[in-house]
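A.B. asks: Handing you this structure, nothing more for now.
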Amino acid sequence: MSGGFDDLLAANAEYAADFHYSGFDGIAHAGIGLVTCMDSRIPPLEMLGLKAGDAKVLRSAGGRVTEMTMTGLVLGVQLLGVRRIMIVPHTRCAMAAMSEDALRAKVEQAAGKPAGYLPISVIPDQQEALHRDVAAVREHPLIGEDILVGGFMYDVDTGKLTQID
């Protein structure tokens, strides 16, 4: 087996030596469900003043509500204590910065292989996409009218959230 993960396993050993989350029940104790982008500039819990166990965090390219993130939100609401849902894309997102053809060409160039089969859903208008995602979550029959759903934009240069919807 390759040793390419040794640094991460060593860091995990240090983390596990002082692990204090044993026995957590998996409930979102602050009642928060969060959909955001996979971008590593976004610290989902820290940006909201939350800690482990407070929220259900779902990530997707562009912070979009996909079929899988919607499933996670339904599970969060129905089984895991989620009462408020935040959908949070961000500034300077690659998914909003270029066309689907341009992004696919970059992937193909990097991989050295065709990627025409890869579903890449770029976001030509982030605010319009955010409005659609918020509406889709609000209208989902398994989410419920008593769940608060909001759309926000995270600024990767300032760390600030702005409510859009």
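A.B. asks: Given labels modelled 7 Å from the Cα in the Cβ direction, how far is it in nm from residue 25 to residue 113?
C.D. replies: The modelled label-to-label distance comes out at 4.5 nm.
A.B. asks: What fraction of the DSSP beta bridges in the chain is antiparallel, stated in percent and rounded to the nearest 5?
C.D. replies: Working: 3 of 19 bridges.
DSSP beta bridges in the chain are roughly 15 percent antiparallel.
A.B. asks: What order, most packed first, do the peptides 44-56, 27-39 have when packing is the mean number of other Cβ atoms within 10 Å of each residue?
C.D. replies: Working: 44-56: 15.6, 27-39: 20.5.
Highest-to-lowest ranking by the protection proxy: 27-39, 44-56.
A.B. asks: Then there is this: Within the stretch 71-165, what percent of beta bridges assigned by DSSP are antiparallel, to the nearest 5? Write out the running numbers ahead of the final one.
C.D. replies: Numbers: 3 of 8 bridges.
Looking only at bridges with both residues in the stretch 71-165, the antiparallel portion is about 40 percent.
A.B. asks: Here are a few candidate values for Rg and Dmax of the Cα atoms in Å: (1) 16.1, 47; (2) 17.9, 50; (3) 20.1, 57. Which one was actually calculated from the structure I just gave you?
C.D. replies: The value computed from this structure is option (2).
A.B. asks: Can you show me the helix-derived [θ] at 222 nm for the chain, built from DSSP H runs with n ≥ 4 at -39,500 (n - 2.57) apiece and divided by the number of residues, rounded to the nearest 500. Write down the numbers at each step before the final one.
C.D. replies: Working: 5 runs with 55 residues, N = 165.
Taking each H run of at least 4 residues, the total per residue is -10000 deg cm²/dmol.
A.B. asks: While we're here: Using the alpha carbon gyration tensor of the stretch 1-57, what are the three equivalent-ellipsoid semi-axes (square root of 5 times each eigenvalue), largest first, in whole Å?
C.D. replies: Working: eigenvalues 129, 59, 20 Å².
Taking √(5λ) for each Cα gyration eigenvalue gives 25, 17, 10 Å.
A.B. asks: Once you order the gyration tensor axes a ≥ b ≥ c over the Cα atoms, which shape class does the stretch 32-118 get: rounded for a/c under 1.5, otherwise prolate or oblate by comparing a/b with b/c?
C.D. replies: Values: a/c = 2.95, a/b = 2.00, b/c = 1.48.
Prolate, since a/c reaches 1.5 and a/b exceeds b/c.
A.B. asks: Separate question: For the stretch 97-161, what log10 I(q)/I(0) values come out of the Debye formula at q = 0.15, 0.19, 0.20 1/Å, with one point per alpha carbon and no solvent?
C.D. replies: -0.72, -0.87, -0.89
A.B. asks: Can you sort 64, 59 by 1.4 Å-probe accessible area, starting with the largest?
C.D. replies: Values: 64 50, 59 95 Å².
In descending accessible area the options line up as 59, 64.
A.B. asks: Can you give the accessible area per residue of the stretch 101-156, in Å², using a 1.4 Å probe? Please report the intermediate quantities before stating the final value.
C.D. replies: Details: 3500 Å² over 56 residues.
I get 62 Å² per residue for this part.
A.B. asks: For the chain, which whole percent of the accessible surface, found with a 1.4 angstrom probe, sits on carbon and sulfur atoms?
C.D. replies: Carbon and sulfur atoms account for 57 percent of the accessible area of the chain.
The values are calculated or read from the model by the stated rules, or taken from the named source; none is laboratory data. All figures in this text were calculated on a predicted structure; none of them were measured in a lab. Virtual Cβ from ideal backbone geometry, glycine too; neighbours counted across all protein chains shown. Remember, those area values only see protein heavy atoms, side chains included, never the ligands or the DNA or RNA. Shrake-Rupley method; radii C 1.70, N 1.55, O 1.52, S 1.80 Å.
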